[in-house]
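Scroll down for the structure; my scribbles are underneath it.
The values are calculated or read from the model by the stated rules, or taken from the named source; none is laboratory data. Predicted, not measured: the structure shown is a model, and the values here were computed from it. Cβ coordinates were reconstructed from backbone atoms using ideal geometry, including for glycine residues, and neighbour counts include every protein chain displayed.
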Amino acid sequence: MIAMRIKDKYISPFTDFGFKKLFGTEPNKDLLIDFLNTLLDKEIGQITDLTYLPKEQLPAISDDRKAIFDIYCENKAGEKFIVEIQKAKQNYFKERSIYYSTFPIQQQAEKGNWNFKLKAVYTIGILDFVFDEDKNDKEVFHHKVQLVDKQTQKVFYDKLTYIYLEMPKFTKTEAELETHFDKWLYVLRNLEDLIERPKKLQEKIFQKLFEQAALANYSETEYAAYEESLKIYRDLKNVIDTAYDEGIQQGFEQGVEQGIEQGIELGVQKKNLDNARKMKQKGFLIEDIADITGLSIQQIEEL
């Protein structure tokens, strides 16, 4: 047990430590299973068990960039699941998401006379931001993307699915929660700010989630790791906000749209380099630093 040093009672699932603590460990596998079953709404059948797979994947060409997933697992049918928390807007995020989904596809290739039959791959992104192209649409926050024939509007291929949750758009209060899916989104969106478990979240699965999220149950080592992860998350959010404000100011001189974009890009790049330098000094793995900051391994090695 530890003495509290920050005001929060529960961890933030939007930190790397918090997300992996709640969903990426064997003892808490049931939390991930329940969330996925709720999210996928039985379209693939009920998931009864999951196997965690190595999160670092190497491409076919050794010089290519590695893919490092937050959570990578498969069910008994061999279907693959990539589950990622995305803390801030990232250039080419959709492209990155699609690129990462190709690794589980390539891994299914068999030597010899293979018929190319593939198991389904699901990429799930829990986003702490809103897509620019959807910012004026306040209603739709749950995106399910598949290959569709534009002529017939029918799904052309159903074994490659991308699900994105724009969490800032989910604004339901506790009183408005109706479904199990609502409850999951509510707890993900508000966990860090809650004082106690809401009355509408009394199911056994949420009882376990709140027990695992309670900072008072953490060791000194776990708490220190969480504090560092929380600081990185808050610094990243702060630089995004600051860069946005600076970009607006610059926009009056250079054109609003161009100024905002340049301001955000420069601000985020500078903060990512600062955070990478600190994490490197603290002994973080270079691959983990690259995953958190979006910097290349070469950039980090040169710091």
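May I ask you to list the residues in segment 200-239 that are modelled with pLDDT of 90 or more and touching a Ser or Thr at 6+ places or on another chain (Cβ under 6 Å)?
none
Please find, among LYS87, LYS117, LYS144, the residue that is under 16 Å from the mean Cα position of the chain (by Cα), assigned by TED's automatic domain parsing to the domain that holds GLY24 and at pLDDT 90 or above. Walk me through it before giving the result.
Working: LYS87 fails: at pLDDT 90 or above; LYS117 fails: under 16 Å from the mean Cα position of the chain (by Cα).
Step by step, each of LYS87, LYS117, LYS144 is checked, and only LYS144 is under 16 Å from the mean Cα position of the chain (by Cα), assigned by TED's automatic domain parsing to the domain that holds GLY24 and at pLDDT 90 or above.
On the basis of being at pLDDT 90 or above and either within 21 Å of the chain's Cα centre (by Cα) or surrounded by fewer than 19 Cβ atoms within 10 Å (Cβ to Cβ) (or both), does THR242 make the cut? Step through it out loud before you land on a result.
Working: at pLDDT 90 or above: no; either within 21 Å of the chain's Cα centre (by Cα) or surrounded by fewer than 19 Cβ atoms within 10 Å (Cβ to Cβ) (or both): yes.
No; evaluated as a whole, the condition is false for this residue.
Being under 16 Å from ILE71 (Cα atoms) and small (Gly, Ala, Ser), is that true of even one residue in segment 103-120?
No.
Where residues in segment 99-119 are exposed (fewer than 14 other Cβ atoms within 10 Å of the Cβ) and among the hydrophobic types (A, V, I, L, M, F, W, C), which of them is nearest to GLU56 (Cα to Cα)?
Filtering segment 99-119 for residues that are exposed (fewer than 14 other Cβ atoms within 10 Å of the Cβ) and among the hydrophobic types (A, V, I, L, M, F, W, C), the one nearest to GLU56 (Cα to Cα) comes out as ALA109.
Go through segment 120-142 and count every residue that is over 26 Å from LEU32 (Cα atoms) and surrounded by 14 or more Cβ atoms within 10 Å (Cβ to Cβ).
Total meeting the criteria: 1.
Just to be sure, is THR179 β-branched (Val, Ile, Thr), in the same structural domain as GLU79 (by TED's automatic domain parsing) and touching a helix residue (DSSP H, G or I) at 6+ places or on another chain (Cβ under 9 Å)?
Numbers: β-branched (Val, Ile, Thr): yes; in the same structural domain as GLU79 (by TED's automatic domain parsing): yes; touching a helix residue (DSSP H, G or I) at 6+ places or on another chain (Cβ under 9 Å): yes.
Taking the combined requirement at face value, the residue satisfies it.
Across segment 283-300, what is the total count of residues that are among the polar types (S, T, N, Q) and either closer than 11 Å to ASP16 by Cα or surrounded by 20 or more Cβ atoms within 10 Å (Cβ to Cβ) (or both)?
From segment 283-300, those among the polar types (S, T, N, Q) are 293, 296, 298-299; that's our starting set.
Pick out the ones that are also either closer than 11 Å to ASP16 by Cα or surrounded by 20 or more Cβ atoms within 10 Å (Cβ to Cβ) (or both) and you get 293.
Summing the residues that are among the polar types (S, T, N, Q) and either closer than 11 Å to ASP16 by Cα or surrounded by 20 or more Cβ atoms within 10 Å (Cβ to Cβ) (or both) in segment 283-300 gives 1.
So which residues in segment 143-165 are out of contact with any Lys or Arg (no Cβ under 9 Å at 6 or more places or on another chain), of a type outside the set (A, V, I, L, M, F, W, C) and surrounded by 14 or more Cβ atoms within 10 Å (Cβ to Cβ), if there are any at all?
Scanning segment 143-165 gives a single hit, HIS143.
Just one of LYS76, LYS119, LYS94 is farther than 19 Å from PRO13 by Cβ, touching a Gly at 6+ places or on another chain (Cβ under 7 Å) and of a type in the set (Lys, Arg); which is it?
On the way: LYS76 fails: touching a Gly at 6+ places or on another chain (Cβ under 7 Å); LYS94 fails: touching a Gly at 6+ places or on another chain (Cβ under 7 Å).
Result: LYS119 is the single residue among LYS76, LYS119, LYS94 that is farther than 19 Å from PRO13 by Cβ, touching a Gly at 6+ places or on another chain (Cβ under 7 Å) and of a type in the set (Lys, Arg).
Of all residues in segment 9-46, which are at pLDDT below 95, surrounded by 17 or more Cβ atoms within 10 Å (Cβ to Cβ) and among the charged types (D, E, K, R)?
LYS9, ASP16, LYS20, LYS21, listed by residue number.
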